[in-house]
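K.L.:
Here's a structure for you.
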Amino acid sequence: MIVKEDILSRVLNFFVKSHDFNGILVSDLIDEHGFSCPKIREVIGQLVEENKINLAFASHSLNPHIKRLQDLPIKNQLVKLTEEDPHTICAYPSFEVIRDVVDLSVYDAQPFTKRLALAEAQLTPVFFELEVLDGYYRDPRYYFDFRDFTGSIGITTEHYNAQDVAERDKVLLQSFGSGYDSKRNRVVVVFLRYLAELSPEHQQIWNAHVSYDRCTMNSDYERTTIYGYCPEYYSI
């Protein structure tokens, strides 16, 4: 007999022990438990309805092994679970399950990594006051590249190899974009994925500049980074 708790425990343990907060393939759950596909789908569907696991689909997020995008509504997940190939579906523990079971104190100094550890989508946009960029722009140890609506920041090779530069400052912010607050003032937007790769010290710097206003991304940054479309507008 398939026990829901066994399936949930396997999904949770796989996520916690994975390298990159990964989900486990539904096809692997079928193989491991030796039951028919319909039976496993039934149990997984019950766990989805109980908000204990969530599913990511290749048809929705391209790579289901990482949770790129926000969870689909439960009813949509249930429909796709019955219709799509189990080799293209990954299961993740829900926020509530992780919060109640996993000791997350190891991430106390890494607020953005903690959010990924709670199974938040990796392409969740986080908005910041523009001032957060100033320290990097003025610091000669970093290159600062910004073009139209997107940019990146990183330690230069010279300073990366320098012995007098602390490891905590050898950071790379692979991508950031522009956005706007409710008054159309410019803000900075960074996806959770890239923030989580910063050192704990630099995560704290960014966390101190989080904007809690209602903000939106520049439309072209959203189009190119999330959906892979060409930008709609072009700089002269």
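K.L.:
I'd like to verify a number: residues in region 36-67 that are of a type in the set (D, E, K, R) and modelled with pLDDT of 95 or more, how many?
P.N.:
Just the residues of region 36-67 that are of a type in the set (D, E, K, R), to begin with: 39, 41-42, 49-50, 52, 67.
Among the residues that remain, those that are also modelled with pLDDT of 95 or more are: 49-50, 52, 67.
Adding up the residues that qualify gives 4.
K.L.:
Write out, first by first residue and then by second, each pair whose Cβ atoms fall under 9 Å of each other, whose residues are 6+ apart or on separate chains, and whose first residue, in region 94-110, is without any contact (Cβ under 8 Å) to a residue 40 or more places away in the chain while the second is of a type in the set (V, I, T) and assigned to a helix (DSSP H, G or I).
P.N.:
Close Cβ pairs satisfying both conditions: L104/I98; Y107/T113.
K.L.:
Which residues, counting only those in region 6-52, are among the charged types (D, E, K, R), assigned to a helix (DSSP H, G or I) and either under 19 Å from the mean Cα position of the chain (by Cα) or farther than 24 Å from R115 by Cα (or both)?
P.N.:
Of everything in region 6-52, those that are among the charged types (D, E, K, R), assigned to a helix (DSSP H, G or I) and either under 19 Å from the mean Cα position of the chain (by Cα) or farther than 24 Å from R115 by Cα (or both) turn out to be D6, K17, D28, D31, E32, K39, R41, E42.
K.L.:
Another one. Being closer than 30 Å to K52 by Cα, in contact (Cβ under 8 Å) with a residue 40 or more places away in the chain and not aliphatic (A, V, I, L, M) is the requirement here; does R186 meet it? Walk me through how you get there before you give the answer.
P.N.:
Details: closer than 30 Å to K52 by Cα: no; in contact (Cβ under 8 Å) with a residue 40 or more places away in the chain: yes; not aliphatic (A, V, I, L, M): yes.
Answer is no for this residue.
K.L.:
Has region 48-57 got at least one residue that is surrounded by 15 or more Cβ atoms within 10 Å (Cβ to Cβ), among the aromatic types (F, W, Y), in contact with a helix residue (DSSP H, G or I) (Cβ under 7 Å, 6 or more places away or on another chain) and in contact (Cβ under 8 Å) with a residue 40 or more places away in the chain? Step through it out loud before you land on a result.
P.N.:
Going residue by residue through region 48-57, those that are surrounded by 15 or more Cβ atoms within 10 Å (Cβ to Cβ) are 48, 52-57.
So of that shortlist, the ones also among the aromatic types (F, W, Y) come out as 57.
Still in the running and in contact with a helix residue (DSSP H, G or I) (Cβ under 7 Å, 6 or more places away or on another chain): 57.
Remaining after also requiring in contact (Cβ under 8 Å) with a residue 40 or more places away in the chain: none.
The answer is no; no qualifying residue exists.
K.L.:
Here's a follow-up. Return yes when I40 is surrounded by 19 or more Cβ atoms within 10 Å (Cβ to Cβ) and over 13 Å from T82 (Cβ atoms) and no when it is not.
P.N.:
Working: surrounded by 19 or more Cβ atoms within 10 Å (Cβ to Cβ): yes; over 13 Å from T82 (Cβ atoms): no.
Against the criterion (surrounded by 19 or more Cβ atoms within 10 Å (Cβ to Cβ) and over 13 Å from T82 (Cβ atoms)), I40 does not qualify.
K.L.:
What is the residue count in region 1-24 for residues that are of a type outside the set (V, I, T), touching a Lys or Arg at 6+ places or on another chain (Cβ under 9 Å) and free of Cβ contacts under 8 Å to residues at least 60 places away in the same chain?
P.N.:
1
K.L.:
Within region 166-175, does at least one residue satisfy the condition of being over 27 Å from K67 (Cα atoms) and in contact (Cβ under 8 Å) with a residue 60 or more places away in the chain?
P.N.:
No, there is no match, as no residue in region 166-175 is over 27 Å from K67 (Cα atoms) and in contact (Cβ under 8 Å) with a residue 60 or more places away in the chain.
The values are calculated or read from the model by the stated rules, or taken from the named source; none is laboratory data. Fair warning: this is a prediction, and the values are worked out from it, not measured in the lab. A quick note on method: Cβ atoms are made from the backbone with ideal geometry, for glycine too, and the neighbour counts reach across all protein chains shown.
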